[in-house]
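Novice: Here's a structure for you.
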Amino acid sequence: MGIREVSPADAATFVLLSEKLDQESTFMLFEPGERRFDVEKQRETFIGNQGSDFVAVFVAVRDNKIVGFAGFTRFRPRRASRTAKIVTGVLRAYHRQGLGFKLLSAVEEWAKERMVARLELTVIEENKAAIGLYQKFGFLSEGVRRNALWVDGKPTNELYMAKILEPQ
């Protein structure tokens, strides 16, 4: 098992991972089938992001397949460029094996190398396992986005969480 930065060669596998995450979890933003994936466009995106100081995707690999990811997007305006938003997802079969923590560690290391001072994310309020992981990793809740999403026909709250990184 390893954590590494995604490569253009991972495009097809990453698309499959994203589709499966959308299917197996109500905690992801997209519903099953809502996104239309194009492997070639995904590959082009990964090529375009290579060497970027603003976008990165890390993947967790186990049994020679990608089973999770953590995406990082840094804000571009100078005043906000020390802040980055994170999105994570790990296949259910690989939960509680330390992959989320390792993915977050890779993102944090990458962010610190680029002088990012704040990592932020949102998480569905009912996703107690993810909230516990984020809290263990040092994220603090900064507020609730009431009725921010509709999941299974019901309004759902999102927590806004952030971690302040030590200056480099």
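The values are calculated or read from the model by the stated rules, or taken from the named source; none is laboratory data. None of the values given here were measured: they were computed from a predicted structure. Neighbour counts are summed over all protein chains in view; Cβ atoms, including those assigned to glycine, are modelled from backbone coordinates with ideal geometry.
Novice: Hey, residue 55 hits all of (1) crowded, with 17+ Cβ neighbours inside 10 Å; (2) of a type in the set (A, V, I, L, M); (3) closer than 21 Å to residue 163 by Cα but one; which does it fall short on?
Specialist: (1)
Novice: May I pose another question? List pairs: first residue in segment 150-166 and in a loop (DSSP other than H, G, I, E, B), second residue among the charged types (D, E, K, R) anywhere in the structure, Cβ distance under 8 angstrom, at least six positions apart or on different chains.
Specialist: 165/108; 165/112; 165/118; 166/112
Novice: Can you find, within segment 1-25, the residue that is farthest from the chain's Cα centre (by Cα) among those that are over 12 Å from residue 59 (Cβ atoms) and acidic (Asp, Glu)?
Specialist: 24
Novice: Looking only at segment 46-71, filter to residues that are touching a helix residue (DSSP H, G or I) at 6+ places or on another chain (Cβ under 6 Å) and part of a helix (DSSP H, G or I); which one of those is nearest to residue 28 (Cα to Cα)?
Specialist: Top of the filtered list is 46.
Novice: Quick one: how many residues across segment 75-124 are buried (at least 21 other Cβ atoms within 10 Å of the Cβ), closer than 17 Å to residue 53 by Cα, under 12 Å from the mean Cα position of the chain (by Cα) and of a type in the set (Val, Ile, Thr)?
Specialist: Looking only at that region, the number is 2.
Novice: Determine whether segment 103-119 contains at least one residue that is outside any helix (DSSP H, G or I), among the basic types (Lys, Arg) and within 24 Å of residue 4 (Cα to Cα).
Specialist: yes
Novice: Hey, does segment 139-148 have a residue that's surrounded by fewer than 18 Cβ atoms within 10 Å (Cβ to Cβ) and within 15 Å of the chain's Cα centre (by Cα)?
Specialist: For segment 139-148, residues surrounded by fewer than 18 Cβ atoms within 10 Å (Cβ to Cβ) and within 15 Å of the chain's Cα centre (by Cα): absent.
Novice: Do you know which of the residues in segment 149-161 that are more than 29 Å from residue 52 (Cβ to Cβ) and of a type outside the set (Val, Ile, Thr) is surrounded by the most Cβ atoms within 10 Å (Cβ to Cβ)?
Specialist: This residue is 157.
Novice: Ok, one more. Could you check how many residues of segment 7-39 are at pLDDT 95 or above and over 19 Å from residue 67 (Cα atoms)?
Specialist: Total satisfying the criteria: 0.
Novice: Name the single residue that is farthest from residue 155 (Cα to Cα) among those in segment 14-45 being assigned to a loop (DSSP other than H, G, I, E, B) and among the basic types (Lys, Arg). Steps first, please.
Specialist: Looking only at segment 14-45, we keep the residues that are assigned to a loop (DSSP other than H, G, I, E, B), and these are 25-38.
Checking the rest, the ones that are also among the basic types (Lys, Arg) come to 35-36.
Values: 35: 21, 36: 25 Å.
Ranking the candidates gives 36 first.
Novice: Within segment 125-133, is there a residue that is in contact with an Asp or Glu (Cβ under 8 Å, 6 or more places away or on another chain), in a strand (DSSP E or B), surrounded by 12 or more Cβ atoms within 10 Å (Cβ to Cβ) and in contact (Cβ under 8 Å) with a residue 24 or more places away in the chain?
Specialist: Checked segment 125-133: no residue is in contact with an Asp or Glu (Cβ under 8 Å, 6 or more places away or on another chain), in a strand (DSSP E or B), surrounded by 12 or more Cβ atoms within 10 Å (Cβ to Cβ) and in contact (Cβ under 8 Å) with a residue 24 or more places away in the chain.
Novice: Just to be sure I understand the filter: pairs with C-beta atoms under 6 Å, separated by 6 or more residues or on different chains, first member in segment 72-86 and touching a residue at least 40 places away in the same chain (Cβ under 8 Å) and assigned to a strand (DSSP E or B), second member crowded, with 16+ Cβ neighbours inside 10 Å and of a type in the set (Phe, Trp, Tyr). Which pairs pass?
Specialist: If the second residue must be crowded, with 16+ Cβ neighbours inside 10 Å and of a type in the set (Phe, Trp, Tyr), no pairs are left.
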